[in-house]
Amino acid sequence: MSISVADLVRYAEVGNPHDMTWRGWSGKDLGRFSPDGRYLAVVVRGGDPDRNMNESWILVYDLAVDSRSPRAREVARFTAATRYEPIGLVRWLADSRTLVFAGTRDRSVSQIYRVGVEGGPPFALTRFHEQLLWFAASADGARLIVNFRDLRAVGLSDCLGTVCRITDRYLPYLDENATEDSAGRLAVIDVVSGAESNAEAIEARDPDLDHCDIDVSLAPDGRFALQLCQLKRERIPTAWASYRAPPRLAGCVQEQNPHCVRRGFLRDLSTGKFRRVTDAPLLLFSLSVDPVWIDGGRFVILPAALEDLTADADEDAARRGHLAVLLLDPETGHVTRIGRLASDVTRATGARWDAATNTIIVEHDGLGARTQAFRRRGVLWIEVPVPTEQPTRTLALRQNLNMRPRLVLRDPRTQRETVLLDPNPWLDTRRLGRVEAVTWPVASGVWKGSLYYPPGYEPGRRYPLVIQTHGVKPGVFSLQGYSRNFPGQALTAKGVFVLQVGEDVFGQSGTPEEFPLTQAGYEAAVDYLNARGLIDPTKVGLIGWSWSGPAISFLVTHSNYAFAAAAFTDAGVHGLYGYMTESAPRAVEGEFGGPPMGSALKGWLERSPVFSLQRVRTPFLIWQAGWPGYSWDWNVGLRRAGVPVEYWYLKDGTHEVFTAEHRLVTNQRLVDWFRFWLKDEEDTDPAKSEQNARWRSFRDQQRALLGKPRPALLDWTSTPLNDPK
């Protein structure tokens with residue numbers, strides 16, 4: 001039996017226990033060890049295609065009972081049909097025997113549950129009527145801090161009655177029916193009494209702020225919390241561009257990019273008051289490591305941060321050029337520098353506190369020593385040699401391109417690996433296409449990809465090809481490819497080669513060279529597989545997702561290669577409409593040489609695909625999630641040009657498809673679409689009779705289109721006219 005679209009939903013993965021959205025389906029964090037190291041909690045996530053449900057369950061391993069072959073106990077299992085994980089945000093309490101987590105059932109909003117390692121029905125700690133986005137718990141579980149989803153418009157804050165001033169906010173955010181996950185009400189809950197109080201919105205008091213982030217770092221004793229907030233573009237201090245560490249910061253400030261930097265605030269949850277951490281920027285791309293609370297919550301350490309500038313020129317030169325490890329006293333707001341990181345460090349990659357020796361160990365991305373340690377002696381901190389640590393057990397996925405993942409526990413002392421979990425033994429009953437790691441040359445270097453063969457491949461026979469874009473994960477097993485937006489093996493089961501491409505533009509991202517380089521890479525992929533005698537070059541399809549959408553749109557407008565079909569799966573096209581509605585992002589301007597005005601308009605007219613739609617000869621299937629405007633100019637333009645196009649909208653969808661219903665519908669339609677255009681095949685399911693009839697009319701439309709000569713690319717000029725005298 002070959003892989004079906006339903007099997008793509010059924011496939012289970014070891015999930016990231018930190019998240020509860022589409023981003024957390026899988027991740028580097030494969031489980032959570034209890035504070036005493038005895039227990040291991042693993043979240044497994046799959047789906048039930050028969051009920052249109054996602055499914056998650058928690059397995060707890062007692063590593064002290066039988067470390068050679070620990071057995072799992074299932075302590076919780078939830079199924080849900082919402083855009084949130086059935087189980088997420090899993091945390092151990094300090095007793096090492098209790099887990100708390102966010103659980104979602106059916107179509108209800110998520111609640112917070114508690115369950116013990118011995119199992120039994122999970123106990124609901126909350127009865128929310130709003131959807132929670134994130135929560136944290138004190139070490140004893142007695143206090144919770146919860147952030148709820150805000151469905152209200154977030155862009156119309158400057159209003160006089162019903163009259164509101166609109167600035168440069170992203171247009172979809174002005175829609176009162178927007179479904180973006182934006183932080184709403186922040187609440188503090190006393191679990192014992194059930195009392196709930198709202199924490200004041202910091203952005204309501206500080207005019208410099210746009211919004212505050214969803215996640216909040218809570219002290220173990222539950223009194224203080226650290227929250228990061230994004231500034232409004234026009235309120236980003238220009239003085240921040242004087243910092244040299246990391247080099248990326250200056251560009252962010254000059255571009256007024258609010259996504260790079262944050263301000264930090266310390267909240268006192270007992271009094272409701274809050275204070276700014278520092279006047280220096282906190283770097284979002286340097287904050288991949290959580291703050292470290294020590295002494296039970298008495299202090300909090302920022303492993304990689306910038307310091308405030310002073311009036312001392314020599315001191316400020318050092319502060320501008322180094323990230324520092326900072327100690328914050330939430331009681332007083334006092335900030336102490338523990339030590340400075342090496343000058344080439346741009347972010348911390350790990351941080352841990354050794355309470356026995358009062359030492360903070362910071363791992364980072366420096367080119368030299370990648371770990372630094374600082375020890376507290378009284379009120380002073382000194383840098384010390386990195387202590388030799390006892391090796392600890394780690395988790396890993398044993399897998400390759402053709403071997404499904406097994407979760408293994410590694411003992412560094414004995415080098416022994418114990419297989420804990422095979423989430424998908426049923427795959428033994430399915431026929432999978434072989435996957436091959438491939439490379440092919442392009443003018444500027446080498447591109448990489450994963451080539452999925454059709455099951456039962458016959459050497460010498462040429463097959464259709466579908467190129468899946470956006471990236472490649474070397475050595476990682478996947479039924480779908482890079483993401484759930486691709487059908488992968490479900491498409492190979494219909495007799496089609498699938499190439500998952502890892503694009504490389506060799507440092508030219510965001511420049512006018514980016515799209516021509518991606519065009520050359522895709523064309524070289526077709527030439528490579530054609531030269532190997534594997535594919536029919538007249539039957540090639542394309543799927544663009546997210547940032548690869550503009551690259552695919554450039555390919556079908558500017559390439560002389562013929563592509564038989566294409567699809568956008570929640571992708572943009574970098575057209576004029578999208579540029580305007582997204583508040584004129586400067587990253588898009590870089591691809592065309594400037595904003596669409598003056599002499600830079602020439603670059604837009606020549607390179608923006610939406611100005612060359614008259615050259616498209618490729619039928620397009622498009623679906624968008626969240627807001628249907630991203631590809632609207634592409635949809636309207638293709639219709640006007642007589643190109644077959646079908647546009648679908650996923651109500652309450654996510655950028656990477658998440659719900660079982662959305663995954664079933666979108667991936668099945670992709671399989672049907674490419675079978676129709678690449679193999680002249682239709683699904684005989686009576687329920688698809690209307691779809692088949694509609695697509696047959698598309699075929700007639702396509703024949704008429706191909707009967708017309710393809711217009712040439714236009715060379716635009718931007719010669720200034722002399723002003724009349």
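The values are calculated or read from the model by the stated rules, or taken from the named source; none is laboratory data. Quick caveat, the model's predicted, so the values are computed rather than measured. Positions of Cβ are generated from backbone atoms using ideal geometry, with glycine treated the same way; all protein chains shown enter the neighbour counts. Heads up: the accessible areas ignore ligands, DNA and RNA and are worked out on the full protein's heavy atoms, side chains in. Shrake-Rupley method; radii C 1.70, N 1.55, O 1.52, S 1.80 Å.
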Reach of K539 by Cα under 16 Å, taken over lysines that are not fewer than 8 positions away in the same chain: K494, K679
Accessible surface of the chain, 1.4 Å probe, proportion on carbon and sulfur as whole %: 51 percent
R413 paired with E200, simple spin-label distance in nm, labels 7 Å along Cα-to-beta-carbon: 5.3 nm
Cross-link partners of K651 among aspartates and glutamates (Cα-Cα below 16 Å; sequence separation of 8 or more within a chain): D175, E176, E180, D181, D570, E661
Inter-centroid distance (Cα atoms) of region 357-387 relative to region 517-592, Å: 47 Å
Set of aspartates and glutamates with alpha-carbon distance to K273 below 19 Å, sequence-local pairs under 8 removed: D190, E196, E200, E203, D206, D208, D213, D215, D221, D329, E331
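Using helices alone, I'd like the mean residue ellipticity at 222 nm for the chain: each DSSP H run of four-plus residues gives -39500 (n - 2.57), total over residue count, nearest 500. Could the numbers behind the result be given before it?
Details: 13 runs with 127 residues, N = 725.
After summing the helix terms and dividing by residue count, I get -5000 deg cm²/dmol.
Packing-wise, with mean Cβ within 10 Å as the measure, how do 478-490, 708-720 rank, highest first?
Taking the mean over residues of other Cβ atoms within 10 Å, the ranking is 478-490, 708-720.
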FRET E, pair R244, D422, Förster distance 45 Å, beta-carbon r, rounded to 0.05: 0.35
Amide H partners (placed H, <5 Å) of V191, local residues excluded: R143, L144
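Among 565-571, 350-356, how do they line up from the highest to the lowest mean number of other beta-carbon atoms within 10 Å?
Working: 565-571: 27.0, 350-356: 12.7.
Averaged packing, sorted descending, gives the order 565-571, 350-356.
Compute the whole-percent fraction of alpha carbon pairs in region 404-555 spaced more than 25 Å apart. Show your work: numbers first, answer last.
Working: 4078 of 11476 pairs.
Summing the P(r) tail past 25 Å for region 404-555 gives 36 percent.
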Cβ-Cβ FRET estimate between R462 and D279, R0 fixed at 56 Å, reported to 0.05: 0.30
Listed residues H129, H322 arranged by accessible area, highest first, probe 1.4 Å: H129, H322
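How big is Rg to Rh over region 53-104, alpha-carbon atoms, Rh as the Kirkwood inverse-mean-distance radius? Walk me through the intermediate numbers first.
Values: Rg = 13.0 Å, Rh = 12.3 Å.
Using only Cα positions, Rg/Rh for region 53-104 is 1.06.
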Average accessible surface area per residue within the chain, 1.4 Å rolling probe, Å²: 44 Å²
For R38, solvent-accessible area (1.4 Å; no DNA, RNA or ligand), Å²: 90 Å²
HN-Hα J in Hz across region 51-59 - Karplus 6.51, -1.76, 1.60, θ = phi - 60°, x for Gly and Pro: 10, 6, 10, 7, 9, 9, 8, 9, 10
Over the chain, relative contact order from alpha-carbon pairs under 8 Å, at least 6 apart, %: 8 percent
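Distances over 18 Å make up what percent of all Cα-Cα pairs in region 325-477?
Details: 8742 of 11628 pairs.
Pairs farther apart than 18 Å: 75 percent.
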Whole-angstrom gap from region 177-256 to region 264-281, using each part's C-alpha centre: 10 Å
Nitroxide proxy distance, nm - points 7 Å out along Cα→Cβ at E234 and R51: 5.2 nm
Electrostatic dipole magnitude of the chain [Cβ: Lys, Arg +1; Asp, Glu -1; Cα centre; debye, to 20]: 1380 debye
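Based on the Cβ-Cβ distance of N722 and T439, what FRET efficiency does E = 1/(1 + (r/R0)^6) give at R0 = 51 Å, to the nearest 0.05?
0.40
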Rounded tilt (10° steps) of 632-641 against the dominant C-alpha axis of the chain: 0 degrees
For A351, residues with placed amide H under 5 Å, excluding near neighbours: E363
Virtual paramagnetic centre 7 Å along Cα→Cβ of V476, amide N under 19 Å, in region 41-80: 43-47
